[in-house]
Amino acid sequence: MNRQNLSREDYQQTYVWFRQAAERGDPYAQFNLGLLYKKGEGVERDDSVAFKWMRQAARQGLAFAQNHLGAMYYNGRGVDQNDAEAAYWFRRAAEQGDASAQQNLGQMYKKGRGVQPNPDMALAWFYRAAEQGIASAQNLLAECYLHGQGAGTNYPLAMAWFRKAAVQGNAPAQLNLGLMYKRGQGVEPNDVQALCWFRQAAAQGDPVAQRQLGMAYAEGQGVKPDPLRAMAWLQRAGEQGDKEAQFALGLMLANGQGVEHDEVRAMTWYQRAAEQGHVLAQYNLGNMYANGRGVERDAQRALEWYLRAAEQGAANAQFNLGVIYANGQGVPSDEARAAYWYQMAADQGDASAQNNLGVMYANGQGVPHDDVMAVYWYQKAAEQGHALAQYNLGGMYGSGRGVERDKVRSYMWMLLAADAGDETASANKSIVARRLSPAEIGWALDMSRQWQLTHRRLDGETG
């Protein structure tokens, strides 16, 4: 008789013993019999029967059974899903000191499932479980201190509890500890220490840690840059569905960053990230379809991906949609829709969209003709250094459209546009200058230099 048959017979004999004791009312036997039905060991798996025996043991006060019963209610296993019942049974077990139930009850308070959300109560129950050495509870407790949930933000306490869990091999805690070292939360930033903890969590299969490790190798953070190792770790994270890793892989392959340039493979990774809602991947995917990079040019697919990114608030995708509808690229020309998307991007500060929206107001395309609004949007873009907007704004001042005519200010904006590389402004500024006196030209030059000094200083401050 082989080992497998012996094992099955052992389970069957165990089932008989537990069944006899359970029917006599022994709570431990009832609990263990419930486990056999739950796992399908020695008996056909049956969650409803498992629930029946767990409930009998739980009603007799057995904490293990109460915690399992709570989990069955929580997951809707063998019984209709019921958060309130789950919280009730978790509490019964937690009050008896069952560490797993204490953690589960803390999670219920944290998420507001079956009970009112209460960060203080979540912290209290996590603490009781953590004190019993439960690594996952220690990690949850540390997250409360890290994010100020149920207590003020306390980086030293967060790090202490993360470390307790991490040395027990808890991968989420190892990842969190690495992130604290990387970000310098409560300690001096230390990429080497961060890398040490990322490695341990990554080796256990944590996809975020694998991505962090991959990015460290890609960017040389705490280790010598190694594109091949970067790709290997990012791929492991990407294969587990980490969309940030998938996007990073697409970016490396599309740009040939330390690896062979491969737009076809880049397209594959962008696609996987984009389908999970990664907005930059959606935008890049739209660009690849629009330009025929890594895939046959397809204006309709480009439009679809730009739209998905735009609906998530990506200003660059919103601007591209404006261009597509304004020019009728793969779709019928629709100036109203173009103006709508330019407006969306312009409101987020996209200078090109602001300029184009100004043009539409100036010409009455898709929006009512309104020179004042045209000047408003030209000004917004011009102040960001957009050369064409500066030229357009100069033209409005020169003709007195939407603003009081001002030849000096017109020439100032022409000079700035020319310096920023606008060829039309370079060609026309001398024509404008002929209409000005030497003094007026001097004022315009002074104003343009002052503008450049001011904006250069501001750029330095924000950078």
Legend entry - Scan of region 60-79 for residues that are of a type in the set (S, T, N, Q) and either in a helix (DSSP H, G or I) or open to solvent by less than 20 Å² (accessible area, probe 1.4 Å) (or both), ordered by number: 66, 67, 75
Inset, instruction - Would you point out which residue out of 265, 272 is buried (at least 19 other Cβ atoms within 10 Å of the Cβ) and either at pLDDT 95 or above or under 30 Å from residue 209 (Cβ atoms) (or both)? - result: 272
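Rundown of residues vs (1) touching a Pro at 6+ places or on another chain (Cβ under 9 Å); (2) without any contact (Cβ under 8 Å) to a residue 12 or more places away in the chain, yes/no style:
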| site | (1), (2) |
| --- | --- |
| 17 | no, no |
| 20 | no, yes |
| 27 | no, no |
| 52 | no, no |
| 57 | yes, no |
Inset, instruction - Assess whether residue 323 counts as being of a type in the set (A, V, I, L, M) and part of a loop (DSSP other than H, G, I, E, B). - result: no
Inset, instruction - Show the residue pairs that are 6+ apart or on different chains and have beta-carbon atoms under 7 Å apart, the first residue being within region 241-265 and of a type in the set (D, E, K, R), the second being at pLDDT 95 or above and open to solvent by 30 Å² or more (accessible area, probe 1.4 Å). - result: 242/207; 242/208; 242/211; 243/276; 244/211
Legend entry - Lone unmet requirement of (1) in contact with a Phe, Trp or Tyr (Cβ under 7 Å, 6 or more places away or on another chain); (2) part of a helix (DSSP H, G or I) for residue 436: (2)
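With the condition being touching a residue at least 12 places away in the same chain (Cβ under 8 Å), open to solvent by less than 60 Å² (accessible area, probe 1.4 Å) and within 30 Å of residue 101 (Cβ to Cβ), I'd like the helices (runs of 4 or more DSSP H) fully within region 130-240 carrying at least 3 qualifying residues. Give the derivation first.
Values: elements: 135-147, 155-166, 171-183, 191-203, 207-219, 227-239.
In region 130-240, the matching helices (runs of 4 or more DSSP H) lie at 135-147, 155-166, 171-183, 207-219.
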Inset, instruction - Tell me the helices (runs of 4 or more DSSP H) entirely within region 364-424 that contain at least 1 residues that are of a type in the set (D, E, K, R). - result: 371-382, 407-419
Legend entry - Residue count, region 84-118 (criterion: assigned to a helix (DSSP H, G or I) and touching a helix residue (DSSP H, G or I) at 6+ places or on another chain (Cβ under 7 Å)): 20
Legend entry - Subset tally (residues that are modelled with pLDDT of 90 or more, surrounded by 15 or more Cβ atoms within 10 Å (Cβ to Cβ) and farther than 17 Å from residue 75 by Cα) for region 19-43: 12
Inset, instruction - For region 3-18, state whether one or more residues are out of contact with any His (no Cβ under 8 Å at 6 or more places or on another chain), within 27 Å of residue 129 (Cβ to Cβ) and either modelled with pLDDT of 95 or more or aliphatic (A, V, I, L, M) (or both). - result: no
Inset, instruction - Being open to solvent by less than 60 Å² (accessible area, probe 1.4 Å) and of a type in the set (Asp, Glu) is the filter; apply it to region 421-453 and report the residue that is farthest from the chain's Cα centre (by Cα). - result: 440
Inset, instruction - From the list 277, 256, 238, pick out the single residue that is within 26 Å of residue 212 (Cα to Cα), touching a Pro at 6+ places or on another chain (Cβ under 9 Å) and among the small types (Gly, Ala, Ser). - result: 238
Legend entry - Subset tally (residues that are in contact with a Leu (Cβ under 6 Å, 6 or more places away or on another chain) and either modelled with pLDDT under 95 or closer than 22 Å to residue 48 by Cβ (or both)) for region 72-103: 2
Inset, instruction - Inspect region 44-59 for any residue being among the charged types (D, E, K, R), at pLDDT below 95, under 37 Å from the mean Cα position of the chain (by Cα) and open to solvent by 30 Å² or more (accessible area, probe 1.4 Å) and give the result as yes or no. - result: no
Inset, instruction - For region 111-125, name all the residues that are over 17 Å from residue 86 (Cβ atoms) and surrounded by 14 or more Cβ atoms within 10 Å (Cβ to Cβ). - result: 119, 123, 124
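Within region 296-311, can one find any residue that is among the aliphatic types (A, V, I, L, M) and within 15 Å of the chain's Cα centre (by Cα)?
Yes; the residues of region 296-311 include at least one that is among the aliphatic types (A, V, I, L, M) and within 15 Å of the chain's Cα centre (by Cα).
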Inset, instruction - Tally the residues that are closer than 12 Å to residue 318 by Cα and open to solvent by 40 Å² or more (accessible area, probe 1.4 Å), restricting the search to region 333-351. - result: 6
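The values are calculated or read from the model by the stated rules, or taken from the named source; none is laboratory data. None of the values given here were measured: they were computed from a predicted structure. Neighbour counts run over all protein chains shown; Cβ positions are idealised from the backbone, glycine included. Accessible surface areas use protein heavy atoms only, side chains included; no ligands, DNA or RNA. Shrake-Rupley method; radii C 1.70, N 1.55, O 1.52, S 1.80 Å.
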